[in-house]
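Beneath this line is the structure, given in structure tokens, with notes to follow.
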Amino acid sequence: MNQKMIKLKCHVNDKGSLISLESGKNIPFDIKRVYYIFGVKDEVRRGFHAHKSLDQVLVCTSGSCKVLTDDGRNKENYELNSPVLGLHIGAMLWHEMFDFSQDCVLMVLASDFYDESDYVRDYSEFIAKIKKT
Ligand code: T46
């Protein structure tokens with residue numbers, strides 16, 4: 001499977017907690033873009049696509065959400081409920097995000113700039129591409 005949970009080192013002291021995200025260190029690619037998702041309404045599912053070549057790490061900096069990953073053969077469910085957890089999602093992995101808490105802020109680190117042509121948004125096209133590999 002082209003995904004992995006990453007436990008991020010947290011620097012805790014009497015002032016509070018701090019987590020640092022660094023390209024090529026705890027983040028396994030060069031970070032070119034950061035975006036965040038918040039204010040997701042009850043019952044809404046997002047995602048429903050794979051990326052042809054993008055690498056991403058998803059971190060819930062606040063609140064929680066769940067992520068389904070699907071490589072065309074196996075499906076896995078993950079819960080992101082702590083800022084110390086990052087989910088690395090590699091290329092050609094169908095993913096959906098759901099069960100967002102009201103206070104969820106889902107931050108995503110991406111290996112490239114936004115490019116709609118990198119998305120596979122049709123599930124049957126995704127499966128056809130997987131079968132060719
Ligand atoms: C992903 C999951 C985890 C931009 O203009 N720039 C951007 O960098 C992004 C990410 C999106 N957009 C626009 C495209 C759409 O008009 O923002 C709108 C919402 O994007 P989308 O419907 O693709 O959002 P999600 O939550 O379904 O997916 C997003 C990312 O797009 C995607 O790459 O892997 O989060």
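The single residue among 52, 75, 32 that is without any contact (Cβ under 8 Å) to a residue 12 or more places away in the chain and among the charged types (D, E, K, R) turns out to be 75.
Return a yes/no flag: does the range 38-46 have any residue that is open to solvent by 40 Å² or more (accessible area, probe 1.4 Å), farther than 23 Å from residue 102 by Cα and within 12 Å of the ligand (Cβ to nearest atom).
As a first pass, look at the range 38-46 and keep what is open to solvent by 40 Å² or more (accessible area, probe 1.4 Å): 38-39, 41-46.
After this cut, where a residue has to be farther than 23 Å from residue 102 by Cα as well, the list is none.
No - not one qualifying residue is present in the range 38-46.
Criterion applied to 96, 76 was being open to solvent by less than 50 Å² (accessible area, probe 1.4 Å), over 17 Å from residue 28 (Cα atoms) and in a strand (DSSP E or B), and the one residue passing it is 96. Scanning the range 99-131 for residues that are open to solvent by less than 60 Å² (accessible area, probe 1.4 Å) and free of Cβ contacts under 8 Å to residues at least 40 places away in the same chain yields 101, 128.
Given the options 19, 27, name the one that is surrounded by 17 or more Cβ atoms within 10 Å (Cβ to Cβ) and at pLDDT 95 or above. None of the others qualify; the one that does is 27.
Got at least one residue in the range 48-56 being more than 14 Å from the ligand (Cβ to nearest atom), at pLDDT 95 or above and among the polar types (S, T, N, Q)?
At the first step, the residues of the range 48-56 found to be more than 14 Å from the ligand (Cβ to nearest atom) are none.
No; the residues of the range 48-56 include none that is more than 14 Å from the ligand (Cβ to nearest atom), at pLDDT 95 or above and among the polar types (S, T, N, Q).
Evaluate the following for residue 18: is it over 19 Å from residue 120 (Cβ atoms) and over 14 Å from the mean Cα position of the chain (by Cα)? Taking the combined requirement at face value, the residue satisfies it. Counting only residues that are open to solvent by 30 Å² or more (accessible area, probe 1.4 Å) and more than 13 Å from residue 108 (Cβ to Cβ), how many does the range 47-63 have? Looking only at that region, the number is 4.
The values are calculated or read from the model by the stated rules, or taken from the named source; none is laboratory data. Quick caveat: nothing in here was measured; it's all calculated off a predicted structure. All Cβ positions, even for glycine, are placed from backbone atoms using ideal geometry, and neighbour counts span all protein chains on display. In case anyone asks, the SASA skips ligands and DNA or RNA and just uses the protein heavy atoms, side chains included. Shrake-Rupley method; radii C 1.70, N 1.55, O 1.52, S 1.80 Å.
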